[in-house]
Amino acid sequence: MDNKSLVQRDLGVVWHPCTQMKDHESLPLIPIRRGQGVWLEDYDGHRYIDAISSWWVNLFGHANPRITRAVQQQAQELEHVLLAGFTHEPVVRLSERLVRLAPHGLTRCLYADSGSSAVEISLKMSFHYWQNMGHHDKTRFINLSNSYHGETLGALSVGDVALYKSTYKPLLFEPISVPSPDCYDREAGETCAQYSTRMFELMDQTLARYADETCAVIIEPLVQCAGHMRMYDPAYLSLLRGACDQYGVHLIADEIAVGFGRTGTMFACEQASITPDFLCLGKGLTGGYLPLSTVLTTDDIYQAFYDDYVTLKGFMHSHSYTGNPLGCAAALVTLDIFDQDKVIEDNKKLAAHMAYACAELSEHPHVAEVRQSGMILAIEMVKDKRSREPYPWQERRGLRVYQHGLNNGVLLRPLGNVVYFMPPYVINENEIDQMVRVAHEGINIATA
Ligand SMILES: *Cc1c(COP(=O)(O)O)cnc(C)c1O
């Protein structure tokens with residue numbers, strides 16, 4: 001088997017996600033034979049550093065021996081059982097661990113199988129809570145501009161990335177949209193904290209006006225990842241928590257991308273010392289092994305559904321693979337690795353090294369900003385550094401960086417004109433240097 005023969009067969013039968021398939025007339029599809037640590041290897045023996053953790057899911061490297069063993073052992077005992085009317089040890093243990101680990105006050109876990117389905121659950125549960133409490137006018141959601149919450153119709157409705165959303169507009173419900181506190185837009189001389197705090201005015205006004213008809217505010221804490229890795233200050237989260245309490249509106253924190261250490265703390269909400277009413281987790285939950293997601297919520301919300309069956313207040317939502325034992329086993333050992341290896345502590349050194357390796361890029365004539373939140377670092381390419389005029393999207397500058405990366409052993413997958421790194425935590429300093437060097441060259445070529 002070589003790259004060419006497998007690609008040919010693939011292009012005959014597979015429809016790839018988030019892809020204009022015609023691109024593959026010129027852009028090679030890369031068949032991966034194996035992975036180890038941060039490295040992926042194709043059928044022709046080329047190796048690539050997975051600088052984006054395979055769409056932000058992988059935490060501790062590919063084919064991690066500890067996670068592999070845990071999944072193997074679980075598969076020999078019990079691969080799956082329905083979670084309605086039945087339970088199993090992995091889901092009980094995982095729920096206990098998550099409740100202990102998550103911001104204080106989140107005491108219940110409901111499971112699903114993708115980030116999008118976790119978002120759907122949080123939206124439905126918030127709406128249903130208000131119905132159960134007799135607040136029938138609460139039917140809407142507030143979101144931030146440039147947000148992303150997944151691809152299913154409800155999750156897409158509360159997102160705001162035009163590329164994924166605009167075509168489907170007629171199928172979606174309308175959220176009440178508030179401008180993002182994204183610090184890329186701050187004035188010269190203004191700190192990120194000042195800007196995010198100033199932008200909170202608009203959220204406060206919106207809540208004051210629409211609280212009576214609003215179920216929840218949904219946000220991605222600190223980093224709008226799919227929205228070009230735009231970042232904002234924790235001060236916004238503290239203010240938002242306070243206002244949601246004041247106006248009687250839930251707060252949904254979508255930590256599907258930023259959870260599990262990406263922003264430097266286990267959960268991004270910790271940086272503002274807040275507890276959301278719903279915490280959505282996915283992606284890294286299983287270390288990148290299996291599709292599992294969960295929504296954590298509070299006892300107050302749980303109690304609003306707890307009643308005699310005939311009141312029909314129960315949350316009648318399920319997915320076939322809810323609480324899958326293999327996924328739970330992978331998640332449990334992932335949490336063990338966080339504990340045993342002092343990962344959050346060690347990541348500080350890696351994050352500092354990423355900053356150091358990228359320092360020069362701030363001076364690049366076509367880089368408007370290098371920004372970082374923990375283990376996420378993003379580089380914004382622009383046509384004009386002073387005015388920050390972006391390159392037209394049609395020029396696909398990021399794609400040139402992508403291609404340069406692949407030709408030089410690094411998997412980068414820029415979001416439009418934003419090149420970013422979100423590597424597995426097992427990356428070492430040499431690999432960071434290599435990843436950054438190749439990205440830097442790619443940026444030179446793409447902006448020449
Ligand atoms: C990826 C992502 C989702 C959707 O998760 P899927 O597993 O792809 O459905 C939702 N919210 C955020 C913030 C994400 O990054």
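The values are calculated or read from the model by the stated rules, or taken from the named source; none is laboratory data. Just so we're clear, the structure is a prediction, and the values are computed from it rather than from any experiment. Cβ: placed from backbone, ideal geometry, glycine included. Neighbour counts: every protein chain shown. These accessible areas exclude ligands, DNA and RNA; they are computed on the full protein's heavy atoms, side chains included. Shrake-Rupley method; radii C 1.70, N 1.55, O 1.52, S 1.80 Å.
If we scan segment 175-183, do we find a residue that is in a strand (DSSP E or B), open to solvent by 10 Å² or more (accessible area, probe 1.4 Å), more than 14 Å from the ligand (Cβ to nearest atom) and not β-branched (Val, Ile, Thr)? Within segment 175-183, one or more residues are in a strand (DSSP E or B), open to solvent by 10 Å² or more (accessible area, probe 1.4 Å), more than 14 Å from the ligand (Cβ to nearest atom) and not β-branched (Val, Ile, Thr).
Residues are listed down the side, and each one gets a yes or a no for (1) open to solvent by 20 Å² or more (accessible area, probe 1.4 Å); (2) more than 16 Å from the ligand (Cβ to nearest atom); (3) free of Cβ contacts under 8 Å to residues at least 40 places away in the same chain:
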residue	(1), (2), (3)
Glu25	yes, yes, yes
Ile49	no, yes, no
His88	no, yes, no
Leu101	yes, yes, no
Asp113	yes, no, no
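Please give the number of the condition Ser95 fails out of (1) within 16 Å of the ligand (Cβ to nearest atom); (2) in a helix (DSSP H, G or I); (3) buried (at least 19 other Cβ atoms within 10 Å of the Cβ). Failing condition for Ser95: (1).
Using the structure shown, decide if Ala331 is more than 15 Å from the ligand (Cβ to nearest atom) and among the small types (Gly, Ala, Ser). For Ala331, the condition - more than 15 Å from the ligand (Cβ to nearest atom) and among the small types (Gly, Ala, Ser) - is not met. Step by step: first the residues of segment 203-261, then only those that are among the acidic types (Asp, Glu) and within 11 Å of the ligand (Cβ to nearest atom), then the one that is nearest to Val178 (Cα to Cα). Which residue is that? Filtering segment 203-261 for residues that are among the acidic types (Asp, Glu) and within 11 Å of the ligand (Cβ to nearest atom), the one nearest to Val178 (Cα to Cα) comes out as Glu220.
Are there any pairs, at least 6 apart or on different chains, whose C-beta atoms fall under 7 Å, with the first in segment 231-258 and of a type outside the set (A, V, I, L, M) and the second more than 16 Å from the ligand (Cβ to nearest atom) and part of a strand (DSSP E or B), and if so, which? Note: pairs meeting the criteria are Cys244/His250; His250/Cys215.
Among the residues that make up segment 352-369, is at least one of them out of contact with any Cys (no Cβ under 9 Å at 6 or more places or on another chain), closer than 17 Å to Thr265 by Cβ and among the polar types (S, T, N, Q)? Checked against the condition, which is being out of contact with any Cys (no Cβ under 9 Å at 6 or more places or on another chain), closer than 17 Å to Thr265 by Cβ and among the polar types (S, T, N, Q), segment 352-369 yields no hits at all.
Restricted to segment 321-365, and to residues there that are hydroxyl-bearing (Ser, Thr, Tyr) and under 17 Å from Leu285 (Cβ atoms), the residue that is nearest to the chain's Cα centre (by Cα) is Thr334.
Counting the residues of segment 203-250 that are aliphatic (A, V, I, L, M) and more than 17 Å from Tyr184 (Cα to Cα) gives 13. Here Trp15 passes the criteria (1) in contact (Cβ under 8 Å) with a residue 40 or more places away in the chain; (2) closer than 29 Å to Tyr164 by Cα; (3) open to solvent by 40 Å² or more (accessible area, probe 1.4 Å) except the one numbered (1). For segment 289-321, give me each residue that is of a type outside the set (A, V, I, L, M, F, W, C) and open to solvent by less than 30 Å² (accessible area, probe 1.4 Å). Scanning segment 289-321 gives Ser293, Thr294, Thr297, Thr298, Gly314. For segment 119-129, filtered to residues that are open to solvent by less than 50 Å² (accessible area, probe 1.4 Å) and touching a helix residue (DSSP H, G or I) at 6+ places or on another chain (Cβ under 9 Å), the residue that is nearest to the ligand (Cβ to nearest atom) is Val119. Only one entry in Ser53, Ser95 is polar (S, T, N, Q) and under 20 Å from the mean Cα position of the chain (by Cα), namely Ser53.
Could you please let me know if Ala330 is touching a Ser or Thr at 6+ places or on another chain (Cβ under 9 Å) and among the aliphatic types (A, V, I, L, M)? Yes.
Reported count of residues in segment 398-448, each being in contact with an Asp or Glu (Cβ under 8 Å, 6 or more places away or on another chain) and not aromatic (Phe, Trp, Tyr), is 8. For segment 130-174, taking the residues that are within 13 Å of the ligand (Cβ to nearest atom) and of a type in the set (Asp, Glu), the one that is nearest to Gly259 (Cα to Cα) is identified as Glu151. Has segment 322-340 got any residue that is within 30 Å of Gln76 (Cβ to Cβ) and in contact with a strand residue (DSSP E or B) (Cβ under 7 Å, 6 or more places away or on another chain)? Looking for residues that are within 30 Å of Gln76 (Cβ to Cβ) and in contact with a strand residue (DSSP E or B) (Cβ under 7 Å, 6 or more places away or on another chain), one finds at least one in segment 322-340, hence yes.
Conditions tested, residue by residue: (1) under 24 Å from the mean Cα position of the chain (by Cα); (2) more than 25 Å from Ile337 (Cα to Cα); (3) more than 16 Å from the ligand (Cβ to nearest atom).
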site: Pro276; (1), (2), (3): yes, yes, no
site: Leu281; (1), (2), (3): yes, no, no
site: Gly288; (1), (2), (3): yes, no, no
site: Tyr302; (1), (2), (3): no, yes, yes
site: Asp308; (1), (2), (3): no, yes, yes
site: Phe315; (1), (2), (3): no, yes, yes
